[in-house]
1. Give the residue, chosen from Leu62, Leu31, that is surrounded by 16 or more Cβ atoms within 10 Å (Cβ to Cβ) and either within 16 Å of Leu107 (Cβ to Cβ) or of a type outside the set (D, E, K, R) (or both).
2. Residues that are among the aliphatic types (A, V, I, L, M) and at pLDDT below 95: which helices (runs of 4 or more DSSP H) entirely in the range 25-111 hold 2 or more of them?
3. Output the residue which, of all residues in the range 67-108 that are without any contact (Cβ under 8 Å) to a residue 12 or more places away in the chain and among the basic types (Lys, Arg), is nearest to Asp32 (Cα to Cα).
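The values are calculated or read from the model by the stated rules, or taken from the named source; none is laboratory data. Every value quoted in this text rests on a predicted model; they were computed, and no experiment measured them. Cβ coordinates were reconstructed from backbone atoms using ideal geometry, including for glycine residues, and neighbour counts include every protein chain displayed.
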Amino acid sequence: MADRARKAMSASADAPDSEIEPTISKTAQELDRVIHERARLAIVSALAVVPSASFKDLKTTLGLSDGNLSVHTRKLEEAGYVDCHKSFEGRVPRTDYVLTPAGRRALEDYLAHMESLIQTMREAESRDTRTASARSPKSPAGPRSKKKRT
C-alpha cells in the first residue's frame, strides 16, 4: 500500500506530474483533521443517520468509554460540527447530540476527499499495471523448462 502511494505521488511514465501529484497533495492538505480521527469519524457518521443521539446511545453503539466519548464530542462541538443539548429526565441528566449543517457538510467533504484519493490510487495502479505489462516480453511458447545437466 505504501508502495502504491509513493508511486502515485511520484510522476508516472504515462502521466505528467500535474495529473497525479496535485490531486493527492490537494486531498491530503484539505483532509479535515477534526473528522479524520477514528472516534470522531464514527461519532459524526452515527449522527448523520439519526436526528439525534444520547450520550448513552453513542457510547453503546460506538463502544467508547465515557471519557473518550466526552473528549471527542467536545472537540466536534468546538469545531461547530455537533451541538450538545443537556436536559433532565426526571432527576436524571440527559445529554443529546445533533449533527449541525456544518458537520454534515464537513462529513460530505471528507467522504468526497477520501473517494477522490481512492480513485486516484486506482488510476495510478491501473497505469502501473498497463505499463508493466507493456514492458514485459511475452513468450508465445510459455515458460521455458530448464534441463538438468547430469
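1. Selected residue: Leu62, the only one of Leu62, Leu31 that is surrounded by 16 or more Cβ atoms within 10 Å (Cβ to Cβ) and either within 16 Å of Leu107 (Cβ to Cβ) or of a type outside the set (D, E, K, R) (or both).
2. In the range 25-111, the matching helices (runs of 4 or more DSSP H) lie at 33-36.
3. In this case the residue turns out to be Arg105.
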